[in-house]
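See structure below.
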């Protein structure tokens, strides 16, 4: 089975979120491939796209050598028998109005593979295999009568009843109690041997992944940052993010307590992911070439804002945040001629449009009215913006002070960021800071695995 | 993180959206009335077969001989200039439609606003009390009230009120509108407001007394909906996680009900308020008939009876515009209450 | 040292249609000042009810028995108003899911003001200064006071919840699965914060969790809860290294961690707390079950100093 270049999955519009961005991997038969990452890294989206439950924006999914990316729903239905999914929440995935037995037998009937009698016999058989005993008795029970572990067993039984070749398991044990997780994982391994299954195992729990997976891919913000043999990665993680993830897991060994250097902050918004290496703003071993950009300066200013004095100085000299823009690797801070903030400008033009729109509709010739109102809306907004800007313009001396202050702030920033600054200058009404240009490092081969990091 | 847009930006965009909404509504009104059975010209003649040349002349006069798209453009640009045409019905033949409507509008607005005030205040209070005192005797009584009042026919309740409060007790006038000659000088046309503008408390009192029974009738019937919705939402919000968290922080129980549970329970109520206005207008027709209030509802009834096409069209256009305006206000109100809507 | 919290024979009985549900059934323990104690157990073992019982925020109609002494004052005997004044001021609680625990219609500023002004009659300006300080200590700038809860990330919301718990400077903090809904790195950040609280503010912490790894990271002592009862209680290191009760042993063996060599689990299901099994409640699932386990309640025995367990054969497991 091959799944090359699943690229640029588009989730919802607007705004365009690249939930997954350029993910490629192949999954040989009989393997358990783990997709590991924190919430929002795109692992679930990948799992669903592989099954065509989510449509990729670009890229391809190949199953047994056949490109299934553009198959029609009718063409893909026969394939669905070979590809199944197990969800995180067994309670939500079982129909509360159907008995457990009916739920498990249902796929056989839906696909027209068996009569009701045969389906029931087959369901009972699978229930036994899945450890749902006494099967006869549980067959007529409803999901609400079962424990979480039993429900997940039922969900697994339903997935394997069609004898699939490939199963996507999306956090199958995350909602279960610790004491029964192992049993469910064992069951999945048993069934794998029995039916020659291939698993795509999606999890946020590295320990589970280590235990069950042959190969793993660590995902961060829609990209794979490290992929390779599970043993190799766990013994010697290369990517700083993988290292951080492993270090952060609380260990049940009281002697294993250690000092942790944790990544700063949280996973940024996927709508505008960081430039260069997406992990660079949080990376403990970042270098000046990792992709520093204006957003990192905004984060730095936020950090400084925790101190009241610094916050007041920054605000007084550099002006409000609404007057700072990131433009690729260039930070622009407007000092002279401060205009109307973009957001206010939008509401302003909307208001003008509203007013002129009413006029347009009242005009005897509606078309002419629309034209006049549109033009006047533009003119009025622009005039107001200009008036506002001249009213707030500052003197040249302020720009010099702002340039020096910004340079000072950047000099005292954490080293990699400070060293990434190319220049800080005054350009007309603006103070401009430019950072070293960067590109995404791409996946590089390192000691039997691929790592997306400039260190290698 | 996504920061919320300002309320002003939301209001402005929502306001802009109201324009296409209005256009679509007006278009719909135009086409629906065109496909309705019954020829307005024939109706003018009250069932008798008129001579063809007269039919032709009437058609020309009404613009019915032009192609439909031209009729549509004509209609739209006229509507926007406040010209709703002239009546073709037997009661108001030849009179400007807008003139008739505008003379009746104040009475209906007074009735609607009053009823909405009654409905929302009674409904919200009973709903909150019922939800906060779940499963007590009071709750059972209020739930019963909510269901019963909602299914009571408006005219039945109206007549009951007239008999009890006007005829037996004699506390309030049985008729819907001021039946005297001593009206306040019309500024808005609404007697309550006009008498206030004249600073004449006696007049205001008279106007108000006339409003009480109809508003109570229509308002109480509509309040059942509020009672039930607010109660259901209160049950949800009073046990919500944030309410429990507030409890754990030592916030007094009374404040949890008023500040957390009540405000959150109102959010879904506000969003369906617009629908209630549509029902309110339908109810207003019956209420006006019951209390013989000379409002738009009554005018609509008359126009339907006399197949007064232009009048019906005019009234529907006015209703549509009011509903668009009201839903605009309600949506903005919703954004004021719930910051998540401003996104 | 005089314990800060003494819980004696605490029982919580929920009203259900099938009869009283014994969510907490005779729990006794002490908590010293600046001590962190973990309560571990599986879903439905009553650990969350224990936390809510101490705070007095159980749903109406729930029966509470036993005593909860905070500095010698019995919280279970207080009037509603007295108990309200204790909540949030002397004892604070943080919850599992910070997303749903903040009122979506209120700004962070209003949340803080409400909390502080519920306990102290001070000027809003003074209260606001305290809120700013508490927020800054959690790494959130005061410029975000006017933001609404939905404008924060999960980790930030939990830090806001902690800041709000800290603002009254309580002596006891109860944390009910404080990191369960968070990602592993953010979880580690929050755990660091909790450890700092103990160090800097000398706050006692009752950490309720299902995650033994978290207990090993931050707790001084640990209690293992099963079916409404404590089955083992002792110094964290002791319990992890020399577990006595078969349930504790099973729980420890079932953790899947990075060093796991094999998979283990405890067979069977947790009991129904409306009609729990007689005698030792763990006996239907216990691998070492004997006749006496089905007929006689095991005693709460102190095997080594401070290390208690309720098992008939505790000595054999030492």
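Worth a mention:
- Cα-based shape type of region A:238-311, given that a ≥ b ≥ c are square roots of the gyration tensor eigenvalues and the cut on a/c is 1.5: oblate
- Within region C:5-269, the percentage of alpha carbon pairs spaced more than 23 angstrom apart rounds to 54%.
- Distance from region A:172-227 to region C:214-269 (C-alpha centre basis), Å: 23 Å
- Cα-based helix-to-principal-axis angle, C:154-166 vs chain C, degrees rounded to 10: 80 degrees
- Between 0 and 90°, nearest 10: helix B:7-35 axis offset from chain B longest Cα axis: 40 degrees
- Looking at region A:140-273 alone, DSSP beta bridges between its own residues are antiparallel in about 55 percent of cases.
- P(r) weight above 42 Å for the protein assembly as shown, C-alpha pairs, percent: 57 percent
- Calculated FRET efficiency, residue A:308 to residue C:81, Cβ-Cβ distance, R0 = 30 Å: about 0.20 to the nearest 0.05.
- Rg and Dmax [Cα atoms of region A:196-295; Å; Rg one decimal, Dmax integer]: 15.0, 51
- Euclidean distance between Cα centres, region C:58-113 to region B:249-271, Å: 17 Å
- Centre separation in Å (Cα based) which lies between region B:282-343 and region C:285-318: 76 Å
- Taking every DSSP beta bridge that has both ends in the protein assembly as shown, the antiparallel portion is near 65%.
- When the helices of chain B are scored as -39500 (n - 2.57) per DSSP H run of n ≥ 4 and the total is divided over every residue, the value at 222 nm lands at -23500 deg cm²/dmol.
- For region B:253-340, the spread of Cα coordinates along the three principal axes comes to 58, 27, 14 Å, biggest extent given first.
- Helix-only [θ]222 nm of chain C, DSSP H runs n ≥ 4, -39500 (n - 2.57) each, per residue, nearest 500: -9500 deg cm²/dmol
- DSSP-defined beta bridges in region C:5-269 - what % are antiparallel, rounded to 5: 55 percent
- Pairs of Cα atoms farther than 25 Å apart, region B:97-342, %: 51 percent
- The fewest-to-most ranking of C:52, C:17 by surrounding Cβ atoms within 10 Å reads C:17, C:52.
- Cα long-axis angle, helix C:124-137 against chain C (0 to 90 degrees, to the nearest 10): 50 degrees
- P(r), alpha carbons of region B:100-155 - 5 Å bins starting at zero, rounded %: 4, 17, 18, 18, 14, 11, 7, 5, 3, 2, 0
Every number in this text was worked out from the coordinates using simple rules, so none of it is lab data. What you see is a predicted model; the values in this text were computed from it and never measured. Counting neighbours? That spans all protein chains shown, and the Cβs are built from the backbone with ideal geometry, glycine included.
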